[in-house]
Amino acid sequence: MTRLIRRLLKNDSGATAIEYGLICGLIFLVIVGAVSLFASRVTGTFDKVSTAVNTATN
């Protein structure tokens, strides 16, 4: 029983998995932030183009 406990305490692969999970989570948050920023800028650009086309055709 003590050998099992020592082996479990010595095993750090779970900690590595948690670290990779945290890194993936942070990368995901950066991607979501970048996409939302890009989306708002693109929406503004399409609004300007739409207004220009409507003005030119009327």
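Only the coordinates and a few stated rules stand behind these numbers; no lab work does. Only a predicted model underlies this, so the values are computations on that prediction, with no experimental measurement involved. As a convention, Cβ positions derive from the backbone with ideal geometry for all residues, glycine included, and neighbour counts pool all protein chains shown.
Distance between the modelled labels on Leu9 and Ala34, one decimal in nanometres: 4.3 nm (7 Å Cα→Cβ projection). Mind pulling up the Rg/Rh value for the chain? Radius of gyration and Kirkwood radius, both on Cα. Taking Rg over the Kirkwood Rh, I get 1.61. Between the helical axis of 13-57 and the longest alpha-carbon principal axis of the chain there is an angle of about 0 degrees. Full extension of the chain segment joining Leu22 with Thr57 gains 7.4 nm, where the gain is 0.36 nm per residue of separation less the Cα-Cα distance.
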